[in-house]
Amino acid sequence: MPSDFRLAVGGNRLATLSFDSAGRKVNVFTREALHELERLVGELAGRRDIGCLVLLSGKEGFIAGADLDGIAGVTDPVEAEAGARFGQRLFAAWEALPFPTVAAIRGVCLGGGTEISLASTWRVASDRPDTRIGLPEVRLGILPAWGGSVRLPRRIGVGAALDMILTGRAVSGRSALKSGLIDALLPEARFLDQVRDFALERLDRRRKEAGGGDGHGGGWKELLLEKNPLGRKIVFDQARKKTLEQTKGQYPAPLRALEVVRVGVEDGPRAGFDAEARSVAELATGRVAKNLIHVFRLGEESKRGPGVPGGEARPVGAVAVLGAGTMGGGIAQLVAQEADLPVRLKDLDPAALARGMEHAAGLFDRLVKKRRLTRAEERRKMALIQPALDYSGFGRVDLVIEAIVEKLAVKQAVFAEVAAAVPEAAVLASNTSSLPIGAIGETTPRRERVVGMHFFNPVHRMPLVEVIAAETTAASAVNTVFAFSRRLGKTPVLVRDTPGFLINRLLMVYSTEALWLLDEGHAIEDIDRAMVDWGMPVGPLALTDEVGIDVAGHVARFLQESFPDRVALPPWLARIAAPDRLGTKTGRGFYRYDGRERKEPDPAVYALLGLAPRVQSPDPGLLADRMVLPMVNEAARCLAEGVVRSAGELDVAMIFGTGFPPFRGGLCRWADQEGLGQVVATLERLESAVSERYRPAEALRDTAAAGGFYARFPGGAVTS
Ligand code: NAI
C-alpha cells in the first residue's frame with residue numbers, strides 16, 4: 001500500500017514527519033492515513049534519538065481535514081462515534097509523545113489538520129497569503145470531534161474559540177498569531193530553515209527553564225477559563241443568542257458545538273472529548289449533515305465540472321463591459337478584483353459612467369476595510385477599470401460582457417456595433433435576464449461567438465453565473481465564459497437558451513404564487529414569513545421589492561406569454577407597479593423602506609387590491625407547499641427539456657443563485673427526500689382545491705416513476 005507519511009531524523013536530533021497523501025492533490029486524513037499515523041506514533045513513542053518532531057506537508061497546502069467520503073457514507077451512530085474516538089486517541093497519543101512536536105503550517109490547514117496542530121506542542125505558520133487555519137466542521141453539519149472543540153478554547157480563550165468553531169471561518173496567519181493560535185508567523189522564504197531555528201530556540205529555552213512550565217503559554221487564558229465562571233456564562237449566553245438568530249433552529253451543529261465547548265471548559269477535557277464523540281455521531285448520521293456535505297460536494301464538482309465538448313476556452317487578457325449600471329459597475333469591479341485584468345467600462349451617459357466607477361470604488365473600499373486588500377492594491381486595481389464613452393481600446397479585447405438596457409432591438413444594434421470594434425475571435429456575452437441569446441446575436445457577424453453570461457444581483461455577493469448557450473453558440477464561446485466565470489470566483493452552470501433560462505423561470509412560478517396568496521387574502525408578512533421560516537433568505541414579496549416590481553412584472557409578463565398554461569398574473573399587478581411604488585428603489589413596494597432598510601408591510605397595498613387580509617393564523621406548511629411545489633413541478637420540466645444538465649446542477653444553481661436553503665440539500669434533493677409520489681399527490685390536491693396551475697407535469701410523473709430527480713437526471717460524478 002502506498003505510504004502517506006515519511007519520517008526523517010536529521011542533525012540536532014530534529015526529526016521531520018512529512019504528510020503527503022498518496023494519489024491526492026491535498027492531504028486528507030483517510031482511514032488508511034489515520035491507521036498509518038497510528039502505527040507511526042506507536043513507534044515514535046519508543047524513540048530516544050528524537051529531540052523534537054516537525055510535522056510538515058509534502059503538498060502545496062498543509063492538511064485539508066478528514067476524508068469526506070467517510071463522513072458522507074456513515075449511517076450508523078455507533079460507527080460514527082467510534083470514528084471520533086479513534087481520532088481522539090490518536091491525537092492524544094501524538095500529544096503525549098516523549099518529545100515536543102511542531103506543526104509547520106503552510107497554506108490551508110482545516111478540520112483534522114487544525115486538530116492535530118492543536119495537539120502539537122507548538123504551531124508555526126508561513127506568512128504566505130494563502131495560509132488559512134480553521135475548523136469548518138459546522139458548515140458541513142458536524143463539529144470538531146478529534147479534540148478540537150476541547151483544545152481550541154484552552155489555547156485561545158472561549159470567546160475566540162467559539163467564534164471560529166460556530167462560524168467555521170478560517171483565520172489568516174496574522175490573526176492566528178494575534179489570538180495565540182500559533183506561536184510564530186515565519187517568512188515563507190526559507191520556511192523550513194526558519195521552522196528548524198524556531199524548534200531549536202524553543203528547545204533551548206525549555207532546557208533553561210527545565211521544570212518551569214511546559215512551554216504551552218497562554219497562562220492568563222487558562223486562568224480566565226478556570227477562575228471566572230460568571231464571565232464565561234456571559235460569553236456562552238451571547239454566543240447562543242447569536243447562533244440561534246443566525247441558524248433559526250435549522251442548523252443543529254453550531255448549537256451542539258457550543259454545548260460541547262461548554263462541557264469541555266466546565267467539566268474538563270475528558271467530559272469534553274466524550275461530548276464531542278457522542279454529538280458528532282448524532283449529527284453526522286442526521287439529514288442536515290448529509291445535505292450540507294452533498295451541497296459542498298456539488299459546489300466542488302461545479303468548480304471542476306466540464307463545459308461542453310467541441311471547442312477549447314479562449315484565453316482572456318482584456319475585457320470590456322458595456323453599460324455601467326447596477327450590473328455593469330459590479331461586473332467591471334469583479335474583473336479587476338478577481339481576474340486582475342484591464343477592463344474597459346463603456347456607457348452612453350457620462351453620469352451613469354461616473355456612478356458605475358463610484359460603485360466599483362465603493363466595492364473596493366469595502367474589501368480594504370475588511371483587510372482583504374491594501375490601499376495600494378485598491379489604487380492599482382481601480383486603475384485597471386478604464387471608463388469609456390466610445391469604442392477606443394476595444395481592439396485588444398478578448399471578451400465583451402454586455403449589461404445595457406433590457407431591450408432586444410437596442411441589444412441587437414449594440415452587438416452588431418461592438419462586433420466591428422473588437423477582434424474577430426473575441427467572445428460577446430450578454431448579461432440579459434430574459435431576452436433570447438439566439439435573437440440578440442441575429443444581427444451580429446459570426447454570431448456563433450454570442451453567448452449568455454447571466455450574473456445575479458448583487459454581483460459581488462451572488463456566486464452563480466448561468467452560462468447560456470443558444471443553438472448557434474460555438475462550444476469555444478461557451479467554454480470561454482465557463483472558464484472566465486470560474487476565474488471570477490463564480491460558479492457557472494450551463495443553461496439552454498429558453499425563456500427565463502433556469503433561475504428566473506423557477507423563481508417566477510414561486511413569486512407569482514405569492515401574489516395569488518395575497519389575492520386570496522393572506523397578509524404580506526405571513527406569506528414572506530412562511531418562506532423565511534422554511535429557510536429562504538428573504539420572502540418572495542420582499543424579493544420582488546428588491547428586484548423592482550416593474551422589472552419583476554416585465555419578466556413575469558414575458559414568461560406568461562411563454563408559458564400561458566401555468567404562469568398567471570393577478571390583474572391588479574399593474575396597479576401596484578405605480579411609478580412611486582416600484583419596490584426598494586422608490587422607498588415603497590409591498591413594504592415601506594427607510595433608505596434600503598425594509599420596514600413594515602405597507603397597508604396601502606391592501607387598499608389598492610381592494611381587500612383586507614382576512615386569513616387568520618394560516619398554516620405555514622401549507623403556504624410553503626403552495627410556493628415551493630410549483631418550483632418542483634417546473635424543475636421537472638426544465639430537466640426533461642434539457643434546460644439544465646442534471647439534478648445536481650439545478651440544485652447548485654438554486655442554492656448559489658437564490659440562496660435556497662443549503663440544509664435542505666437543493667430543490668430536487670429536497671423533493672426526492674419528501675418523496676415525489678407525495679409531491680405529486682399534494683399537487684393534485686392543490687389542483688382541485690386551488691387552481692389548474694398546480695397540475696403535476698407529465699415530466700414530474702415520469703421523474704417520480706423513474707425513482708426521483710437524482711435517479712433520472714444523475715449528471716456528473718455527484719450522485720450521493
Ligand atoms: P441599468 O439600467 O442599471 O444600467 C444599464 C446601463 O446601460 C445604463 O447606465 C445605460 O446608460 C447604459 N446603456 C444603455 N444603452 C447603452 C449602450 N448602447 N451602450 C452602453 N451603455 C448603454 O440596468 P441593469 O439593472 O444594470 O441591467 C443591465 C442588464 O443586466 C439588463 O440586460 C438586465 O436584464 C440584466 N440583469 C439585471 C439584473 C438586475 O438585478 N438589475 C440581474 C441580472 C441581469
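The values are calculated or read from the model by the stated rules, or taken from the named source; none is laboratory data. Here the structure is a predicted model, which means the values were calculated and not measured. With ideal geometry, Cβ positions are generated from the backbone for all residues, glycine too; neighbour counts draw on all protein chains shown. For the accessible areas, the whole protein counts, side chains as well, though only heavy atoms, and no ligand, DNA or RNA atoms are used. Shrake-Rupley method; radii C 1.70, N 1.55, O 1.52, S 1.80 Å.
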Hey, any idea what % of the stretch 421-521's accessible area is carbon plus sulfur with a 1.4 Å probe? 53
At q = 0.06, 0.09 Å⁻¹, what log₁₀ I(q)/I(0) does a Debye calculation on the Cα points of the chain give, no solvent, two decimals? -0.42, -0.92
With +1 at each Lys and Arg Cβ and -1 at each Asp and Glu Cβ, the charge dipole magnitude of the stretch 449-586 around its Cα centre, to the nearest 20 debye, comes out at 780
Rounded to the nearest 20 Debye, what is the dipole magnitude of the chain about its Cα centre when Lys and Arg each give +1 and Asp and Glu each give -1 at the C-beta? 2120
If you average over every viewing direction, what projected area does the convex hull of the Cα atoms of the stretch 277-322 give, in nm²? 6.8
Quick check on the stretch 104-148: take the gyration tensor over C-alpha atoms, sort the square-rooted eigenvalues as a ≥ b ≥ c, and tell me if it's rounded (a/c under 1.5), prolate or oblate. oblate
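For residue 607 and residue 702, compute 0.36 nm times the residue count separating them, minus their Cα-Cα distance, and round to one decimal in nm.
29.8 nm is the gain from fully extending residue 607 to residue 702.
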Taking 8 Å as the Cα distance limit and 6 or more residues as the minimum spacing, I'd like the relative contact order of the chain as a percentage. 9
With point charges of +1 on the Cβ of Lys and Arg and -1 on the Cβ of Asp and Glu, referenced to the Cα centre of the chain, which listed residue (455, 435, 92) lies farthest in the positive direction of the dipole? 92
Stretched fully, the stretch from residue 562 through residue 205 gains (0.36 nm per residue minus C-alpha distance, one decimal, in nm) 120.9 nm
May I have the convex hull volume per residue, in Å³, for the Cα set of the stretch 550-633? 133
Sparse-neighbourhood loop hits (trypsin sites (Lys or Arg not before Pro), the stretch 609-704; DSSP loop; Cβ within 10 Å at most 16 others) -> 614
When N is the residue count of the stretch 10-89, what does its C-alpha Rg come to as a fraction of 2.2 N^0.38 Å? 1.28
1/(1 + (r/R0)^6) with r = Cβ-Cβ of residue 596 and residue 529, R0 = 22 Å, i.e. FRET efficiency to nearest 0.05, evaluates to 0.60
Per the helix-only calculation at 222 nm, which mean residue ellipticity applies to the chain, given -39500 (n - 2.57) for every DSSP H run of n ≥ 4 and division by its residues, nearest 500 deg cm²/dmol? -15500 deg cm²/dmol
Calculate the length of the line joining the C-alpha centroid of the stretch 651-665 to that of the stretch 584-611, in whole Å. 28
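Taking square-rooted eigenvalues a ≥ b ≥ c of the alpha carbon gyration tensor, is the stretch 11-55 rounded, prolate or oblate, where a/c under 1.5 means rounded and, failing that, a/b exceeding b/c means prolate?
oblate
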If you keep only loop residues by DSSP, which chymotrypsin sites (Phe, Trp or Tyr not before Pro) in the stretch 541-624 have at most 16 other Cβ atoms within 10 Å of their Cβ? 572
Need one number: nm distance between label points at residue 9 and residue 396, each 7 Å from Cα along Cα→Cβ, rounded to one decimal. 6.0
Calculate, in whole percent, how much of the Cα-Cα pair population of the stretch 95-196 lies beyond 21 Å. 27
With every protein chain kept in place and ligands, DNA and RNA left out, what is the accessible area per residue of the chain? Probe 1.4 Å, answer in Å². 42
Taking residue 248 as the anchor, which aspartates and glutamates have their alpha carbon closer than 13 Å to its alpha carbon, excluding any fewer than eight residues away along the same chain? 533
Within the stretch 409-459, report the trypsin sites (Lys or Arg not before Pro) that DSSP leaves as loop and that have at most 15 other Cβ atoms within 10 Å. 446
Place a label point 7 angstrom from the Cα of residue 361 along the Cα-to-Cβ direction, then list the residues of the stretch 380-422 whose backbone nitrogen is under 17 Å away. 380-388
On the principal axes of its Cα set, how long, how wide and how thick is the stretch 609-692? Give whole Å, largest value first. 43, 26, 25
Round to a whole angstrom and tell me the spacing of the C-alpha centers of the stretch 89-119 and the stretch 328-401. 44
Which of the three applies to the stretch 45-142, rounded, prolate or oblate, going by the alpha-carbon gyration tensor with a ≥ b ≥ c and a/c under 1.5 meaning rounded? oblate
Which log10 I(q)/I(0) values, to two decimals, does the stretch 327-417 give at q = 0.14, 0.17, 0.21 Å⁻¹ under the Debye formula with one point per Cα? -0.51, -0.73, -1.04
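Using per-residue counts of other Cβ atoms within 10 Å, averaged over each peptide, order 396-407, 378-389 from highest down.
396-407, 378-389
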